[in-house]
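Colleague: One structure, pasted below without further comment.
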Amino acid sequence: MGANSYPRDVERGLFDGNPLAGLIAGFCLTLDASGDLEARPVVHVQLRPGLTLSPVAADQLAKSCQRGVQRQLDARDGDFAPHPEAGPAANELAITLHPYGSGPFATPSSIRDGYLLRGGG
């Protein structure tokens, strides 16, 4: 997408001012290559151990995380601001929630520096 995003900015977006941040154990970042030859950022959020969320609570957490990260990235880099000419999904930031120790967190050695998935996902 040409914009710079940094794990520390994502971290701030997930935790700073997020009333649901206490549900988060950690995160990692990947790029998801879609069928339109575009790569979109995905923030994988690991829930605290033993935590199970209802679909409504999971949706609330994902939306809260998405708003926070988007706000942080918009403040840091204008490249993440909406660009209508690029279409509605151009700067879409996906948040994917995972129970503790599952998904990309199932193999902790695949996560570098605590937040970047080796091999891009």
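Colleague: What's the total number of residues in region 19-29 that are open to solvent by 20 Å² or more (accessible area, probe 1.4 Å) and touching a helix residue (DSSP H, G or I) at 6+ places or on another chain (Cβ under 9 Å)?
Modeller: As a first pass, look at region 19-29 and keep what is open to solvent by 20 Å² or more (accessible area, probe 1.4 Å): 19-20, 22-23, 25, 29.
Those still in the list that are touching a helix residue (DSSP H, G or I) at 6+ places or on another chain (Cβ under 9 Å) too: 19-20, 23, 25, 29.
Qualifying residue count for the region: 5.
Colleague: Open to solvent by less than 80 Å² (accessible area, probe 1.4 Å), at positive phi and modelled with pLDDT of 65 or more: is that true of Gly68 in this structure?
Modeller: No; evaluated as a whole, the condition is false for this residue.
Colleague: Any idea which of (1) basic (Lys, Arg); (2) in contact with an Asp or Glu (Cβ under 7 Å, 6 or more places away or on another chain); (3) at pLDDT below 70 is the one Arg112 doesn't satisfy?
Modeller: (2)
Colleague: If we scan region 47-62, do we find a residue that is modelled with pLDDT of 90 or more, within 16 Å of the chain's Cα centre (by Cα) and of a type in the set (Val, Ile, Thr)?
Modeller: no
Colleague: Considering only region 85-99, how many residues are open to solvent by less than 60 Å² (accessible area, probe 1.4 Å) and at pLDDT 95 or above?
Modeller: Of the residues in that region, 4 qualify.
Colleague: Here is a further query. Which one of these does Pro82 not meet: (1) at pLDDT below 90; (2) open to solvent by less than 60 Å² (accessible area, probe 1.4 Å)?
Modeller: Only one criterion in (1) at pLDDT below 90; (2) open to solvent by less than 60 Å² (accessible area, probe 1.4 Å) is unmet by Pro82, namely (2).
The values are calculated or read from the model by the stated rules, or taken from the named source; none is laboratory data. Everything quoted here is computed from the prediction, not taken from an experiment. Cβ coordinates were reconstructed from backbone atoms using ideal geometry, including for glycine residues, and neighbour counts include every protein chain displayed. What goes into the accessible areas is simple: the full protein's heavy atoms, side chains included, and nothing from ligands, DNA or RNA. Shrake-Rupley method; radii C 1.70, N 1.55, O 1.52, S 1.80 Å.
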